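The values are calculated or read from the model by the stated rules, or taken from the named source; none is laboratory data. Since this is a predicted model, take the numbers as computed values, not measurements. Neighbour counts run over all protein chains shown; Cβ positions are idealised from the backbone, glycine included.
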Amino acid sequence: MLTLAIETSCDETSAAVIRDGREVLSNIISSQIEIHRKFGGVVPEVASRKHIENINQIVQEALDSANVTFKDIDLIGVTQGPGLVGALLIGISTAKALAYGLELPIVGVNHIEGHVCANYIDHKDLEPPFTCLIVSGGHTYLVQVNGYTDYEIVGRTRDDAAGEAFDKVARALGLPYPGGPVIDKLSQSGNKAAVDFPRVMLEPNSYDFSFSGLKTAVLNYLNQLKQKGEEIIVEDVAASFQQSVLDVLVEKSFRLAKERGMDKIVLAGGVAANQGLRTMMEERGKKEGIKIFYPSRVLCTDNAAMIGSAAYFNYMAGKLSDLYLNVEPNLDLI
């Protein structure tokens, strides 16, 4: 079964052709990072305009790269939310036009679910149930995945998402956008014990996250050094900050996996590309007999292949949309 998928939730215009939810025939991604970098973050209206300019060409490239035509497609999948409302509208409008013109079924996909399904593409033998840590610029969730379309949210951020905290701290350090990859790289040469930033665990047994206080602690530390005229060792601050985030993410993930009797932890979202997180999870996994899964880096960031996978599994579960499908910028996982 061939799914043509479209993803336009933020600043990547992407289209992909997926076979049976797990095999990528094409995955075309047009990134706008260089455009938004000069603004220090994504400008929604600029993103929407670029999606309009790119979408038709990207869809055609996806078909050509997969060596198929519209006649070969069986299903249309598209990101419904969460995301930027203007950006989402471009993708959904295109997908509905295709579904109508080609008389094909359409599935609106939750972007966060797409991140989870990216793992099914890279790990053909991965099946639920498992514990999943979803970390990106806009979301941080700890989820128990009981089936391909059955999710139980056990924990979530109460303020800043982990990736958002990375970007804000990077900006304070004078680093370019997006900040996560830059901090990850600097951390490899920094002293992660240089600064004792807080590890916010919240209430006993809580699986929720909070990174706003940590971000404030980093900003206060930088301001104190500036006021005293002392040198800021960027690598050490980056490494210490990242370690504080990772300690919380890893600890809560393993606690939930053990509580639920899981032998698999799956990472998803843009921050799943973080080398420090991958290394720490794998080292802890070896000690505790829990296998760690994460997607290739290209599938960690926003892409249509993961949306195509999620659309397929939803279709197989009988979860279809119709041509009244509309965007939901604040769509939750459940």
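Among the candidates 102, 89, the residue that is within 15 Å of residue 14 (Cα to Cα), touching a residue at least 12 places away in the same chain (Cβ under 8 Å) and among the hydrophobic types (A, V, I, L, M, F, W, C) is uniquely 89. Restricting the search to helices (runs of 4 or more DSSP H) fully inside the range 183-302 and requiring at least 2 residues that are among the basic types (Lys, Arg) gives 212-228, 234-259, 275-288. Scanning the range 107-147 for residues that are among the β-branched types (Val, Ile, Thr) and more than 23 Å from residue 208 (Cβ to Cβ) yields 107, 109, 121.
Per-residue answers, yes or no, for (1) in a loop (DSSP other than H, G, I, E, B); (2) aliphatic (A, V, I, L, M); (3) in the same structural domain as residue 52 (by TED's automatic domain parsing):
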site: 71; (1), (2), (3): no, no, yes
site: 94; (1), (2), (3): no, no, yes
site: 100; (1), (2), (3): no, no, yes
site: 137; (1), (2), (3): yes, no, no
site: 143; (1), (2), (3): no, yes, no
site: 146; (1), (2), (3): no, no, no
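Kindly indicate whether residue 61 is touching a strand residue (DSSP E or B) at 6+ places or on another chain (Cβ under 8 Å), within 22 Å of residue 266 (Cβ to Cβ), acidic (Asp, Glu) and modelled with pLDDT of 95 or more. Against the criterion (touching a strand residue (DSSP E or B) at 6+ places or on another chain (Cβ under 8 Å), within 22 Å of residue 266 (Cβ to Cβ), acidic (Asp, Glu) and modelled with pLDDT of 95 or more), residue 61 does not qualify. Taken over the range 198-230, the criterion of being in contact with a helix residue (DSSP H, G or I) (Cβ under 8 Å, 6 or more places away or on another chain) and of a type in the set (Gly, Ala, Ser) is satisfied by 212 alone. Considering only residues of the range 318-334 that are aliphatic (A, V, I, L, M) and exposed (fewer than 13 other Cβ atoms within 10 Å of the Cβ), which is modelled with the highest pLDDT? Only one residue fits best here, namely 323.
The residue that is modelled with the lowest pLDDT, among those in the range 162-206 that are aromatic (Phe, Trp, Tyr) and more than 17 Å from residue 275 (Cβ to Cβ), is 177. Residues of the range 13-57 that are under 16 Å from residue 118 (Cβ atoms) and either among the polar types (S, T, N, Q) or outside any strand (DSSP E or B) (or both): 14, 20, 21, 22, 26, 27. Regarding the range 284-292, can at least one residue be identified that is closer than 20 Å to residue 163 by Cβ and either among the basic types (Lys, Arg) or at pLDDT 95 or above (or both)? There is at least one residue in the range 284-292 that is closer than 20 Å to residue 163 by Cβ and either among the basic types (Lys, Arg) or at pLDDT 95 or above (or both). No other residue among 156, 171 is outside the structural domain of residue 23 (by TED's automatic domain parsing), out of contact with any helix residue (DSSP H, G or I) (no Cβ under 8 Å at 6 or more places or on another chain), surrounded by 14 or more Cβ atoms within 10 Å (Cβ to Cβ) and of a type outside the set (Ser, Thr, Tyr) apart from 156. For the range 114-125, the criterion of being closer than 17 Å to residue 321 by Cα, of a type in the set (Val, Ile, Thr) and surrounded by fewer than 24 Cβ atoms within 10 Å (Cβ to Cβ) is satisfied by no residue at all.
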